[in-house]
Amino acid sequence: MPKVVAAHKGPKPKLGQHFLASDSAAQRIVEALGDTSAATVLEIGPGRGVLTSLLAQRTQRLIAIELDRVLAAQLRMEFGMRQNVEIIEGDVLKIELDTVFGPKPGSLRPGLSYQPEPARVIGNLPYYITSDILLRLLEYHRYFSTIVVMLQKEVADRLAASPGSRDYGLFTATTQLYARVEKLFTLPPSAFNPPPKVHSSVIRLTIQPRLEALRVPEAEFISFLKLCFGQKRKTLWNNLKTGYDQGALKAALAKTGVKPTVRAEALPLERTAALFRALQDGNS
Ligand code: SAM
């Protein structure tokens, strides 16, 4: 008789499965979202449900997206009876956020604008796609007010960095264009099962887009940031000269008092935006 091999039921490292094993840390993470009794919360990667079970008791509506089919089925069994919890089996990078959070067909009467309460987001993120997830949430920031996530400590340090520090880069600037970043606390590998190789930190992003205050158009300014940070070791001048006429660049740098020899990471967003505007004015 052929031997029946039992399916492997352990964590899948490829999916970043390191389950939080500390109840007190789970409590702190959930509390960092504030009072959610009247809120919709999106949970990314609920796993075995350590945050989900706390959130289910204190959230008006909880939508949890889990990629692992077995875990999603287990979560459905556990939370199926709860009217306020919806488990979606899927990839958070692919799910149509407009469908989940946008206006529903027929919900708009002529003359009415659609402005639901923005949702909050929580998750101990799968680290292999941390930046993709965050950039996607920022792209859809109109649907969200607060984002509390656990990520690799080094990434948290980068996101919370100030201009001029070693950790400040394109990812920092883009994130801080949309949100205030607070680093809340750090956990050792032993707080997870199985333990990851790295320390983990919890951060809170409070969505506060700065585009209007900086007087810059979104898509163009993001492209400009990408150019400024194009090559990390290069000066602002060397990165920008690949996209601008040198005379216009010289004039804009002089007008804004930015030295051509600085690197992009030294500039606060206000000054990068001023340089962008000066270059736009020079072009018009
Ligand atoms: N929240 C749980 C906890 O704290 O114990 C699990 C966190 S674990 C670090 C990350 C979870 O994200 C895993 O359950 C994994 O299966 C899930 N995951 C991985 N990739 C995903 C994706 N693309 N979309 C949704 N969930 C994903």
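The values are calculated or read from the model by the stated rules, or taken from the named source; none is laboratory data. None of these values were measured; they are calculated from a predicted model. FYI the Cβ positions are ideal-geometry reconstructions off the backbone, even for glycines, and counts take in every protein chain you see. Side chains included, ligands, DNA and RNA excluded: accessible areas come from the protein's heavy atoms. Shrake-Rupley method; radii C 1.70, N 1.55, O 1.52, S 1.80 Å.
In region 179-191, the residues that are over 27 Å from HIS141 (Cβ atoms) form Cβ pairs under 9 Å with partners that are outside any strand (DSSP E or B) and open to solvent by 50 Å² or more (accessible area, probe 1.4 Å), at six or more places apart or across chains, as follows: PRO188/PRO195; PRO188/HIS199; PRO189/HIS18; PRO189/PRO195; PRO189/LYS197; PRO189/HIS199; SER190/ALA21; ALA191/ALA21.
Within the bounds of region 182-189, is there any residue that is surrounded by 16 or more Cβ atoms within 10 Å (Cβ to Cβ), part of a helix (DSSP H, G or I) and either modelled with pLDDT of 95 or more or among the hydrophobic types (A, V, I, L, M, F, W, C) (or both)? There is no residue in region 182-189 that is surrounded by 16 or more Cβ atoms within 10 Å (Cβ to Cβ), part of a helix (DSSP H, G or I) and either modelled with pLDDT of 95 or more or among the hydrophobic types (A, V, I, L, M, F, W, C) (or both). In region 138-151, the qualifying residues are those that are crowded, with 19+ Cβ neighbours inside 10 Å and within 16 Å of the ligand (Cβ to nearest atom), and the one that is farthest from LEU54 (Cα to Cα) is LEU151.
Within the set ALA161, ALA156, ALA173, the sole residue that is within 30 Å of VAL262 (Cβ to Cβ), in a loop (DSSP other than H, G, I, E, B) and open to solvent by less than 60 Å² (accessible area, probe 1.4 Å) turns out to be ALA161.
Can you tell me which residue is farthest from the chain's Cα centre (by Cα) among those in region 163-200 that are small (Gly, Ala, Ser) and closer than 30 Å to ASP35 by Cβ?
At the first step, the residues of region 163-200 found to be small (Gly, Ala, Ser) are 164-165, 169, 173, 179, 190-191, 200.
Checking which are closer than 30 Å to ASP35 by Cβ leaves us with 179, 191, 200.
Values: ALA179: 9, ALA191: 22, SER200: 15 Å.
Among residues in region 163-200 that are small (Gly, Ala, Ser) and closer than 30 Å to ASP35 by Cβ, the one farthest from the chain's Cα centre (by Cα) is ALA191.
Quick check: is even one residue across region 102-109 modelled with pLDDT under 95 and either charged (D, E, K, R) or assigned to a helix (DSSP H, G or I) (or both)? Checked region 102-109: at least one residue is modelled with pLDDT under 95 and either charged (D, E, K, R) or assigned to a helix (DSSP H, G or I) (or both).
Within the set LYS259, LYS197, the sole residue that is more than 27 Å from VAL148 (Cα to Cα) and loosely packed, with under 15 Cβ neighbours inside 10 Å turns out to be LYS259.
Mind checking which residues of region 13-27 are outside any helix (DSSP H, G or I) and more than 9 Å from the ligand (Cβ to nearest atom)? Matches in region 13-27: SER22 only. Looking across region 262-278 at every residue that is of a type in the set (Gly, Ala, Ser) and surrounded by 19 or more Cβ atoms within 10 Å (Cβ to Cβ), the one that is farthest from ALA213 (Cα to Cα) is identified as ALA264.
For region 117-137, the criterion of being at pLDDT below 95, in a loop (DSSP other than H, G, I, E, B) and either open to solvent by less than 30 Å² (accessible area, probe 1.4 Å) or not hydrophobic (A, V, I, L, M, F, W, C) (or both) is met by at least one residue. Summed over region 28-77, the residues that are within 12 Å of the ligand (Cβ to nearest atom) and polar (S, T, N, Q) give a count of 3.
Among the residues of region 242-254, those that are surrounded by fewer than 16 Cβ atoms within 10 Å (Cβ to Cβ) and assigned to a loop (DSSP other than H, G, I, E, B) comprise THR242, GLY243, ASP245.
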